[in-house]
There are 2 protein chains.
Amino acid sequence: MRLPQVEAATGLPPEVTIYEVGPRDGLQNEKAVVPASVKVEFVRRLVAAGLSTIETTSFVPARWVPQMGDAEEVLEALGADGVGRARPALVPNLRGLERAEALGLQAVAVFGSATETFAQKNLNRSVGEQYAMFEPVVTRAKDAGRWVRAYVSMCFGDPWEGPVPVGQVVDVAERLMGMGCDQLSIGDTIGVGTTGHVHRLLEALDARGIGPERVAVHFHDTYGQALANTMAALRDGVTVVDAAAGGLGGCPYAKSATGNLATEDLVWALTGAGVRTGVDLDALVATSVWMAQQLGRPSPSNVVRALTPPPTP
Amino acid sequence: MRLPQVEAATGLPPEVTIYEVGPRDGLQNEKAVVPASVKVEFVRRLVAAGLSTIETTSFVPARWVPQMGDAEEVLEALGADGVGRARPALVPNLRGLERAEALGLQAVAVFGSATETFAQKNLNRSVGEQYAMFEPVVTRAKDAGRWVRAYVSMCFGDPWEGPVPVGQVVDVAERLMGMGCDQLSIGDTIGVGTTGHVHRLLEALDARGIGPERVAVHFHDTYGQALANTMAALRDGVTVVDAAAGGLGGCPYAKSATGNLATEDLVWALTGAGVRTGVDLDALVATSVWMAQQLGRPSPSNVVRALTPPPTP
């Protein structure tokens, strides 16, 4: 089936940057360790499919996230293609930044929490204490001319605390962006948010000087809301969207979190609406099918399933 | 997890009527015949969960759709609760209407096609010939004071013909609505449409005098677009949305069709955005879990899965 395409839809930007998180957010919680060679091949295939921006790995200690213990191996294999400004990697702290610096990375991301409970579970710190951890990282990265993204997780709901007030998220975002970060990624880690909530948060961020041109959205599809919420954010001026090829992902510290918005479902929506992404959908679907084979289970992406013939019984 | 709720979102109507199609569109393609008593219980549970409008069954010949062969049995068991203006049933032809009349139904629906290939496969007629079949049905139903809905299927793409031009859909819709139908339901039977396409179609219908107040949207989630497309339609003034509890559904004559938009995922989106639906989400989820047990497989609804604890391993 060909995708019906119409002229650019009202209220959407002409072009969207997909920030592909499959190799990092998508894989970090896989129980079976994926070989570094597979991760390298995954990134290479994503590049070949036209994904311009790819978060490659995380410099988190291997004892916290064993799956990301091969960050150096993956990036050394990627060579020049793994270190540019469109190849950020997560750095949880100064030690992580030092590892990224040693490899010559030009872009990094820090990962904060909007809620106390998740800050404790994920960072072993309070919301207030996380700033002390991130500030030297951001300052040093910016001083060296690096591009820095600030993630804020649990921006809509928290499995322990329930709905998260917009003001609380904006406070955290303001502190992190005030350190000099280039981009803010607002995460609905457990996927409970809805379109009006997205609008209110973007509005509140804008009112505090964090306009949509500096904001990316990061939605998980646990409650089936990820694409609808993304389209709402795009109409509010956001032009950077986090997604994971094949809908990979989840979060071990947030039991109700499932996969990220599938890059394929997003590309289908945007291409149909006349929004440019630069992605070759067939190549991307083939990549996710290949990755699903490596992981030993089918992709949860609707588009991947729709475009992939079921196995002959 | 509680659903975060915010004030009514910009551009959405204050209230939406969910036209529940689970008992008809959701079940009609189940291979194993579901007992009439289960169908009756399904409708009763949906009523109890607050669904105001429920399409109960189809008066299609049993040799075409064996699953719907018990229409009389289901409606007789439902009694007064099965015949009101908010309990439409599908009538494919005059014979179907006579069966509905004999039971005292006050609302019926006809089911047309926007494409030649699907008209042939589903109706054994051309697009032109379908009008001759539907006109006496609609005229007779309207003359007797009944409420009549006109479905148009394959409004966005067709598995054999590819993308369907907006003008072709509007022509079919205009012919059917010109017969005196009260409501038009535009169906993306194979789920390929995107938000801009939805907007263009609604705009084109409006330009021909079929305004959004008379239009319902009917999306299947094959490519993950159903909820995003629904929200786009609501911003364009549509206030009636077809959905199936638990995401049931599919179409045997259109191989790439999967389930309808899940009512739960829709209710989550609307409740979060401050739009009233009258539905008790917990009761609805319990209904879909019960129905999934009857069918012997898990519900594809994201919300049902998220709110239902996985079985202990």
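Where a number appears in this text, it was derived from the coordinates with a stated rule and is not lab data. Since the model is a prediction, treat every value here as computed from it, not as a measurement. Cβ coordinates were reconstructed from backbone atoms using ideal geometry, including for glycine residues, and neighbour counts include every protein chain displayed.
With Cα atoms as the point set, the radius of gyration and Dmax of the protein assembly as shown evaluate to 25.1, 81 Å. Averaging 1/r over each pair of different alpha-carbon atoms in the stretch A:142-251 and inverting the result gives 14.0 Å, the Kirkwood hydrodynamic radius.
Gyration tensor over the Cα atoms of the stretch B:17-307: the corresponding equivalent ellipsoid has semi-axes (square roots of 5 times the eigenvalues, largest first) of 25, 23, 18 Å. The slack between residue A:126 and residue A:294, meaning 0.36 nm per residue of separation minus the straight C-alpha distance, is 56.7 nm. From its DSSP helices (H runs of at least four residues, each -39,500 (n - 2.57)), chain B gives a residue-normalised ellipticity at 222 nm of -11500 deg cm²/dmol.
For every other residue with a beta carbon closer than 10 angstrom to the beta carbon of residue A:164, add +1 if it is Lys or Arg and -1 if Asp or Glu, then tell me the sum. Don't skip to the end; give the middle numbers.
On the way: positive: none; negative: A:158, A:161, A:188.
Result for the neighbourhood of residue A:164: -3.
Excluding residue A:122 itself, calculate the net charge of residues whose Cβ lies under 12 Å from the Cβ of residue A:122, where each Lys or Arg counts +1 and each Asp or Glu counts -1. With Lys, Arg at +1 and Asp, Glu at -1, the net is 0. The charge dipole of the stretch A:17-307, taken about its Cα centre with unit charges on the Cβ of Lys, Arg, Asp and Glu (plus for the first two, minus for the last two), comes to roughly 200 debye. Nearest beta carbon of chain B to the B-to-A rotation axis, with distance in whole angstrom: B:228, 2. Between B:237, B:113, B:68, the Cα set farthest toward the positive side of the dipole of the protein assembly as shown (charges on each charged residue's Cβ, about the Cα centre) is that of B:68. When chain B is treated as a GNM with alpha-carbon contacts under 10 Å, the residue of B:160, B:268, B:290 showing the greatest mean-square fluctuation is B:160.
For the segment A:261-270, counting C-beta atoms of other chains within 10 Å of every residue's C-beta and taking the mean gives 3. Per the Debye calculation on the stretch A:1-140 with a single equal scatterer at every Cα and no solvent contribution, log₁₀ I(q)/I(0) for q = 0.11, 0.15, 0.16, 0.21 Å⁻¹ amounts to -0.48, -0.80, -0.88, -1.26.
Counting charges near residue B:184 (Lys, Arg +1; Asp, Glu -1) among other residues having Cβ under 13 Å from its Cβ returns a value of -2. Give the distance, in whole Å, between the Cα centre of the stretch A:128-184 and the Cα centre of the stretch B:12-31. Their Cα centres are 42 Å away from one another. A point 7 Å from Cα along Cα→Cβ stands in for residue A:298, and the other copies hold the same point at 1.2 nm, listed in rising order.
Between residue B:98 and residue B:135, the simple label model (points 7 Å from Cα in the Cβ direction) yields a spacing of 2.1 nm. Packing, taken as the mean count of other beta carbons within 10 Å per residue, orders the peptides A:57-65, A:122-130 from highest to lowest as A:57-65, A:122-130. The dipole here belongs to the protein assembly as shown: it is taken about the Cα centre, uses +1 on the Cβ of Lys and Arg and -1 on the Cβ of Asp and Glu, and is about 640 debye. Net charge dipole, the stretch B:29-112: roughly 180 debye, given to the nearest 20, about the Cα centre with Cβ charges of +1 for Lys and Arg and -1 for Asp and Glu.
Label separation (residue A:62 vs residue B:160): 5.9 nm, computed from points 7 Å beyond Cα along the C-beta direction.
In the stretch B:108-190, the alpha-carbon atoms span a convex hull of 72 Å³ per residue. Sorted shortest first, the distances from the residue A:178 label point to those of the same residue in the other copies are 6.6 nm; each point sits 7 Å from Cα along Cα-to-Cβ. Annotation: peptides A:229-236, B:14-21, ranked by per-residue average of other Cβ atoms within 10 Å with the highest first, follow the order A:229-236, B:14-21. With the highest mean first, a sort of the peptides B:216-227, A:108-119 on other beta-carbon atoms found within 10 angstrom per residue produces B:216-227, A:108-119. Averaged over the residues of peptide B:215-225, the number of Cβ atoms from other protein chains lying within 10 Å of each residue's Cβ is 5. In the assembly of identical copies, residue A:167 has its label point, taken 7 Å from Cα in the direction of the beta carbon, separated from the corresponding points by 5.6 nm (ascending, one decimal).
Modelled this way, with points 7 Å down the Cα-to-C-beta line, the labels at residue B:10 and residue B:208 are 3.3 nm from one another.
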